[in-house]
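A.B. asks: I'd like to ask some things about the structure below.
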Amino acid sequence: PRHAANRSQAGFTLLELLVVALIIGVLASISVPQYIAAVEKGRFAESRVWLLSLAGAQERYLARNNVYYFGAVGPLTFDADLGLLRNFTVGGVGGAGTAWTLTLTRRAPCPARYGCYGVTYTAATRAITCSNANCTAELIP
């Protein structure tokens, strides 16, 4: 009994465990939003590449038919397979003459920071725009 009282206790105190938990919480609160933004940048890049491929397909369509294509976009609409979009839905090509536009809409689940934003390509200016201010500021290069 007397010998057991002098023995040192192994392990961590409650205060030490709480400090470690606090540090982990602070690191997570910093890193998780950055991770979500990086993932969304990758998804946005998918839409950008697809829209630029569509712009090329539209130019080839114009060269063959003397008009741009307007209407719903399907797998056989153009001469090249534009691929499937996993994170966006495709709207129809709108406009008239040489002023065509196409908007892709982010599929659910949508990130809270950006929502289900739309990405629009405008042929006249060759510009890609976003319907959400956070998307415009953070995702468009």
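The values are calculated or read from the model by the stated rules, or taken from the named source; none is laboratory data. Computed from a predicted structure; not experimentally measured. Cβ: placed from backbone, ideal geometry, glycine included. Neighbour counts: every protein chain shown. For accessibility, only protein heavy atoms count, side chains too; no ligands or nucleic acids. Shrake-Rupley method; radii C 1.70, N 1.55, O 1.52, S 1.80 Å.
A.B. asks: Return only the number of the condition from (1) of a type in the set (S, T, N, Q); (2) within 21 Å of the chain's Cα centre (by Cα); (3) within 20 Å of Ala137 (Cα to Cα) that Thr125 does not satisfy.
C.D. replies: (2)
A.B. asks: Can you spot a residue in region 100-109 that is modelled with pLDDT under 95, surrounded by fewer than 18 Cβ atoms within 10 Å (Cβ to Cβ) and over 23 Å from Ala38 (Cβ atoms)?
C.D. replies: Looking for residues that are modelled with pLDDT under 95, surrounded by fewer than 18 Cβ atoms within 10 Å (Cβ to Cβ) and over 23 Å from Ala38 (Cβ atoms), one finds none in region 100-109, hence no.
A.B. asks: Then there's this: Considering only region 102-109, I want to know if a residue exists there that is farther than 25 Å from Ala137 by Cβ and out of contact with any helix residue (DSSP H, G or I) (no Cβ under 6 Å at 6 or more places or on another chain).
C.D. replies: Step one: filter region 102-109 for residues farther than 25 Å from Ala137 by Cβ, giving none.
Scanning region 102-109, I find no residue that is farther than 25 Å from Ala137 by Cβ and out of contact with any helix residue (DSSP H, G or I) (no Cβ under 6 Å at 6 or more places or on another chain), so the answer is no.
A.B. asks: Identify, from the list Ala112, Ala137, Ala80, Ala55, the residue that is among the small types (Gly, Ala, Ser), touching a residue at least 60 places away in the same chain (Cβ under 8 Å) and either out of contact with any strand residue (DSSP E or B) (no Cβ under 6 Å at 6 or more places or on another chain) or open to solvent by 70 Å² or more (accessible area, probe 1.4 Å) (or both). So that I can check it myself, show each step before the final result.
C.D. replies: Numbers: Ala112 fails: touching a residue at least 60 places away in the same chain (Cβ under 8 Å); Ala137 fails: touching a residue at least 60 places away in the same chain (Cβ under 8 Å); Ala80 fails: touching a residue at least 60 places away in the same chain (Cβ under 8 Å).
Step by step, each of Ala112, Ala137, Ala80, Ala55 is checked, and only Ala55 is among the small types (Gly, Ala, Ser), touching a residue at least 60 places away in the same chain (Cβ under 8 Å) and either out of contact with any strand residue (DSSP E or B) (no Cβ under 6 Å at 6 or more places or on another chain) or open to solvent by 70 Å² or more (accessible area, probe 1.4 Å) (or both).
A.B. asks: Ala10 passes all but one of (1) free of Cβ contacts under 8 Å to residues at least 40 places away in the same chain; (2) open to solvent by less than 50 Å² (accessible area, probe 1.4 Å); which number fails?
C.D. replies: (2)
A.B. asks: Oh, and also: Which residues, taken from region 19-43, are at pLDDT 90 or above, open to solvent by 100 Å² or more (accessible area, probe 1.4 Å) and aliphatic (A, V, I, L, M)?
C.D. replies: Leu22, Ile24, Leu27
A.B. asks: Oh, and also: Give the residues of region 120-129 that are part of a strand (DSSP E or B) and open to solvent by less than 50 Å² (accessible area, probe 1.4 Å), sorted by residue number. Don't jump to the end; show me each part of the working.
C.D. replies: Keep residues of region 120-129 that are part of a strand (DSSP E or B), which gives 120-122, 127-129.
Thr120, Tyr121, Thr122, Ala127, Ile128, listed by residue number.
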